[in-house]
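Have a look at the structure below before the remarks.
Readers should treat all values here as calculations from the given coordinates under stated rules, not as data from a laboratory. Just so it is clear, the structure is predicted and the values come from calculations on it, not from any experiment. We place every Cβ from the backbone using ideal geometry, glycine too, and count neighbours over all the protein chains shown.
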Amino acid sequence: MSRPELSPEQSAVFERIEHTREHVFVTGRAGTGKSTILNHLAWHTSKIIAVCAPTGVAALNVGGQTIHSLLRLPTGVIADHDLDQPAELKKMLAAIDTLVIDEISMVSADLMDAIDRSLRQARGKRHDPFGGVQIIMFGDPYQLPPVPPRDPHERAYFTDTYRSLWFFDAKAWIDAPLAIIELVEVHRQRDDRFKQILGAVRHGEVTADMAEELNAAGARPAPTDVITLATTNATVTRINAERLAKITGTPLKAVAEINGEFRENTYPADEVLELKPGAQVMFLRNDSDGRWVNGTIGTVSRVTGTVWVEVGDEEFEVEPTTWERYRYRYDAETKKLEKEVVAEFEQFPLRLAWAVTVHKSQGHTYDAAVVDLGPRAFTAGQTYVALSRVRSIEGLYLRRPLEPRDVIVDPNVVRFMRAAGHSGIVSHEVPAAG
C-alpha cells in the first residue's frame, strides 16, 4: 500500500521515538499528521511494539487491539482490583519494548494507571513506571474527551481520587516524565486565515470577527450533494434513509460476512448495506492502488455483482474488503511477539454519505460539508472536530449560525497544555535524534 512520506517535522518525531526510551505524547491540531506518524512507526520501527486503542473501532483503524483485550483488564473502574495475568499474557507483555496508544484522549486516568500497574506486574518490575515499557501516545485532547462513567459510585471515585478524568491526571505520571510534542504544521488546510480561526475554535478563543466570518461563509445554501456532519446517529440515519428512498429502484442489500469474535458496536462498516445507483457514498478504507482514501465521497453509478462508484470524472469497480481484528501473542519457539488474526469482517468499504456523525468524521477530510450541530453542541471539542474536517472556508456550510455556547473547551485540557508549555515540555521544534 502506498504510504505518505513524512514531512521533516513528522520525520523528526519518528526519529525521537525510535532513538530514545522517552515516554512521548504526540499531539497537534486536526490535519497535522498524527496518524501518518503512527502508521509509519508501525511499519518501520526496529522496536518490538504493540499498538492499542481505547475502542474497538479505533483499534481496527490502527491494526491493533483494544487496551482492555491486550492487557486483559476488567471493564469499568479498575482502581486497585486484582489483575489476573495468565503465564502467556506475562510472556507477551515481557516481550514488548514500546506500547503505542492511539486516541489517548479517550483513555481515563484510572485506565492509564491500570496500564501502568498491569505492565509492572506482568514484567516483574514493580518499581519501574510501566514496567520499563516505553509509552507512545497519539491524540488531541481538544478533540475527543474521555467518556464519563454513568455509575454514580464510579463518578464519586473519580472525584475523590483524581484531579480530572483525563489520562494526564493519572498517578502514573508522577514518577514518569512525559515529553509532549505538539505538531504545528497543518496539512489539511492551506488558507492561513481559516487555520487561524480553527486554532481559535480549538482553544476557545474565538473573537466576534472570527465568528462573523464563519457564520457569513456558512450561511450560503449548500449544494444537494454536500455531506452533512451531524451530532447524533438519529439525525444521520434519518437523512440517509430519506435521501435513499427518493431514488427509484430496488436497493442492493449487501450483507457482511463475519468470522470470529466481532462485537456489533465495533463493526467497521454496516452489517447490511443498502445501495442504489445515484446513492452518495463515502469510502471507509484507503485503496491499496491509491484510487481513493478513507473519507473520499463518490456516487454509486451501477450495481452488478460488485458496485461501481464515480469519483469526480472516474468510475471505479469496488469489491468487498476484509477488516481483520488482531491479537498479540508471544511465540515461545521463535521468542517473538506475533500478531494473529482472530476475526474478519468482509463488506464493501462504503457507507451512505449524505450524512455522517461528527464522531465518525474524525480523521477524515472533506472538500465541502454542512455542519449541523442540532440545538447545540454537547461535548467539548465537537464543534472544532466538525469545522476542521473541511479543507477551506469556501467549503463550509452551516445548518444554523454558530453561537458562543457551541465552542466548548475543557478547562482541564487548557491547564495541562499550558503547564506543559510553561515548563518548556511542549516541543514545537522537534530536533531529530542524532
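Of L144, F167, W43, which is farthest along the charge dipole of the chain in the positive direction, counting Lys and Arg as +1 and Asp and Glu as -1 at C-beta?
After comparing all options, I get F167.
Once the dipole of segment 236-295 is set up with Lys and Arg at +1 and Asp and Glu at -1 on Cβ about the Cα centre, which of G278, L252, T237 lies farthest towards its positive end?
Positive-most Cα among the choices belongs to G278.
What is the distance in Å between the Cα centres of segment 153-179 and segment 187-236?
After rounding, the separation between the Cα centres reads 33 Å.
Tell me, what HN-Hα J-couplings in whole Hz come from the Karplus equation 6.51 cos²θ - 1.76 cosθ + 1.60 at θ = phi - 60° for each residue of segment 156-161, using x for Gly and Pro?
Once θ is set to phi - 60°, the couplings for segment 156-161 become 5, 4, 4, 4, 6, 9 Hz.
Sequence gap at least 6, Cα distance under 8 Å: using those rules, report the relative contact order of segment 117-251 to the nearest whole percent.
12
For the chain, what is the charge dipole size about the Cα centre, in debye to the nearest 20, if Lys and Arg each add +1 at the Cβ and Asp and Glu each add -1 at the Cβ?
That gives a dipole near 580 debye.
Positive end of the charge dipole of the chain (Lys, Arg +1 and Asp, Glu -1 on Cβ, about the Cα centre): tell me which of T365, G63, A377 has its Cα farthest that way.
After comparing all options, I get A377.
Please work out the ratio of the alpha-carbon Rg of segment 106-186 to 2.2 N^0.38 Å and round it to two decimals.
Rounded to two decimals, the normalised Rg is 1.20.
Only Cα pairs under 8 Å and at least 6 apart count here; give the relative contact order of the chain as a rounded whole percent.
Relative CO of the chain lands at 20 percent.
In straight Cα distance, which lysines are under 25 Å from K47, not counting same-chain residues fewer than 8 positions off?
In chain and number order, the partners are K34, K90, K91, K125, K335, K336, K339.
In whole angstrom, how far apart do the alpha carbon centroids of segment 253-311 and segment 1-47 sit?
Each part reduced to its Cα centre gives a spacing of 29 Å.
Give me the number: length gained by fully extending E257 to D84, i.e. 0.36 nm times residue separation minus the C-alpha to C-alpha distance, one decimal in nm.
Gain on extension, E257 to D84, equals 58.9 nm.
Find the all-direction average of the projected area of the Cα convex hull for segment 280-378, expressing the result in square nanometres with one decimal place.
Mean shadow area of the hull around the Cα atoms is 9.9 nm².
Once the mean 1/r over all distinct Cα pairs of segment 225-358 is inverted, what Kirkwood radius in angstroms do you read off?
Hydrodynamic radius (Kirkwood, Cα pairs) of segment 225-358 is 16.3 Å.
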